[in-house]
Amino acid sequence: MVYTAIDSILTGRYKGKKVTMRGWVYRKRESKDTIFLVVRDASGVIQAVVRKNSPAWKAAEKATIESAVASTGTVKEDKRAPGGYEINVQKLEIVGLSQTFPIAKDKSEEFLRNVRHLWLRSRKMNTIMKIRSEVLKYIHEFFERQGFIEVSPPMFISSAVEGGATLFGVKYFDDMMYLTQSAQLHLEVLIYSLGKVYCVAPSFRAEKSRTIRHLTEYWHVESEEAFSTLDDLMRLEERLLSYICQSIAKKCRKHLEALGLDPKELMKIRTPFPKVRYDEAIERLQKKGSKIQWGEDFGFNEERMLTQEFGGPMFVYAYPKKIRAFYVKGYQDRPEMVMSADLLVPRVGELSTGGARVDDKEEMLRSLQEFGLRPEDYEWYVDLRRYGSVPHTGFGMGVERLLTWMLNLESIFDSIPFPRTTRRSYP
Ligand code: 4AD
Ligand code: MG
């Protein structure tokens, strides 16, 4: 049996022809002598019309919302039908009858999260998941075109990358290990043989924050490049972001429109992005009435004020060492400042953090000490500074934050099929 996907029926290619499709009953409407079943499959929805005199009538009467069905009929053009085509059904088989589906209109967000395993069938989630898949494809395409090698870092790690506060500990036989917060340190190892490397892998943060931008498990795009500078890095990041946005605007026009978005907005994301030093960012914020003092880290509000001012993605770079991680390289003429850059976007704030890495062994040992870390926990990492060290840079960007911003999602939860947060690990 040949089954035809609904989106290909909707192209009109099968007008007047007989097709068989498989899917689930999305909506049902009955009149005295006709039953209208709107059927959905992975690709789209189409109306299936069953007349009383059809052999399919009995099954159509029985079919409930979310029942799985296989249906054979003739494709008919009908301007009034959603998608412009419908199917005059001759045969209908119920593959799996559905009990009363718990999701009806106007359910609360909280309810929908409890029945996430069912809510993922919605048109909205279907569309977001398709765009997510495309975004991941374009990330890989971009890095491949730039000559980066994809690598697979470990998920179990023995010491912190981003500070102990957000580490998840795991019992590992008789030892303790952690779930990775970032692949960065391991990517740094790999540049010494592969030059330019990247990965898209899960990261874990025991993050207490309950915001629209925090998950405890997220997908992390990270890259690391030998012989590169902070300027190279910012250029790489802005090219990546505009490549993804432009590609999605072109490839996913229909999906974007289905979410109520205008693809033109993504087309506008073009390089170069504004780049502002931390010092200047502080001055600008203070002028706008922010209470922030030099030396303090930006919060969500400061990030929002900055992106509002610049109207789109932008970088803030050259931060005080105190508010950055131990591995960020200092400026020679101003050692209290480090070569770190955050990419900020409207509404979501921080989309990525990246920077130049300390490449000198002595500076690394000093830095570990300053940050209260034990050099013996980072022995292999310090080794990289012993054997042919090179200037290098890298960054990390959360896939879910990227989607939340691109698709203007209310919360980061909808950017991933099964969000994990402090309060939610079900289903
Ligand atoms: O800023 P972060 O902590 O930087 C690092 O982990 C670096 N080691 C990355 C690197 O240089 N390779 O995390 C990087 C990005 C953030 O900018 C954000 O997009 C995302 O990871 N992220 C989160 N996304 C969702 N939920 C969380 N709890 C996140 N924490 C970080
Ligand atoms: Mg950061």
Exercise. On the given criteria, is Glu379 of a type outside the set (Phe, Trp, Tyr), away from ligand 1 (no atom under 15 Å from the Cβ) and not in a loop (DSSP other than H, G, I, E, B)?
Worked result: yes
For this session: Output the residues belonging to the stretch 220-251 that are surrounded by fewer than 22 Cβ atoms within 10 Å (Cβ to Cβ) and either within 16 Å of ligand 2 (Cβ to nearest atom) or over 28 Å from Pro391 (Cβ atoms) (or both).
Result: Gln246, Ser247, Ala249, Lys250, Lys251
Seminar exercise, completed: When every residue in the stretch 315-336 that is away from ligand 1 (no atom under 14 Å from the Cβ) and closer than 22 Å to Pro272 by Cβ is compared, the one most open to solvent (accessible area, probe 1.4 Å) is Tyr331
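Pick from Gly372, Gly396, Gly354, Gly388: which is farther than 30 Å from Arg253 by Cβ and surrounded by 21 or more Cβ atoms within 10 Å (Cβ to Cβ)? Before you say what the answer is, go through the steps one by one.
On the way: Gly372 fails: surrounded by 21 or more Cβ atoms within 10 Å (Cβ to Cβ); Gly396 fails: farther than 30 Å from Arg253 by Cβ; Gly388 fails: surrounded by 21 or more Cβ atoms within 10 Å (Cβ to Cβ).
After ruling out the rest, the residue left standing is Gly354.
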Exercise. Among (1) crowded, with 18+ Cβ neighbours inside 10 Å; (2) of a type outside the set (Val, Ile, Thr); (3) within 16 Å of ligand 2 (Cβ to nearest atom); (4) part of a loop (DSSP other than H, G, I, E, B), which single condition is Ser209 missing?
Worked result: (1)
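Which members of the stretch 340-366 meet the condition of being within 14 Å of ligand 2 (Cβ to nearest atom), of a type outside the set (Ser, Thr, Tyr) and either part of a strand (DSSP E or B) or under 23 Å from Tyr378 (Cβ atoms) (or both)?
Initial filter on the stretch 340-366 (within 14 Å of ligand 2 (Cβ to nearest atom)): 340-345, 348-355.
Now restrict to residues that are of a type outside the set (Ser, Thr, Tyr): 341-345, 348-351, 354-355.
Correct list: Ala341, Asp342, Leu343, Leu344, Val345, Gly349, Glu350, Leu351, Gly354, Gly355.
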Seminar exercise, completed: Requiring at least 3 residues that are touching a helix residue (DSSP H, G or I) at 6+ places or on another chain (Cβ under 8 Å), the strands (runs of 3 or more DSSP E) wholly within the stretch 1-95 are 18-30, 34-40, 45-51
Seminar exercise, completed: Reported set for the stretch 144-180 where residues are in contact with a helix residue (DSSP H, G or I) (Cβ under 8 Å, 6 or more places away or on another chain), open to solvent by 60 Å² or more (accessible area, probe 1.4 Å) and assigned to a loop (DSSP other than H, G, I, E, B) is Ser158
Seminar exercise, completed: Of (1) farther than 30 Å from Glu379 by Cβ; (2) outside any loop (DSSP other than H, G, I, E, B); (3) modelled with pLDDT under 95, Ile131 fails just (3)
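The values are calculated or read from the model by the stated rules, or taken from the named source; none is laboratory data. All figures in this text were calculated on a predicted structure; none of them were measured in a lab. Reconstructed Cβ throughout: ideal geometry from the backbone, glycine too, with neighbour counts over all protein chains shown. Note: areas computed on protein heavy atoms with side chains; ligands, DNA, RNA excluded. Shrake-Rupley method; radii C 1.70, N 1.55, O 1.52, S 1.80 Å.
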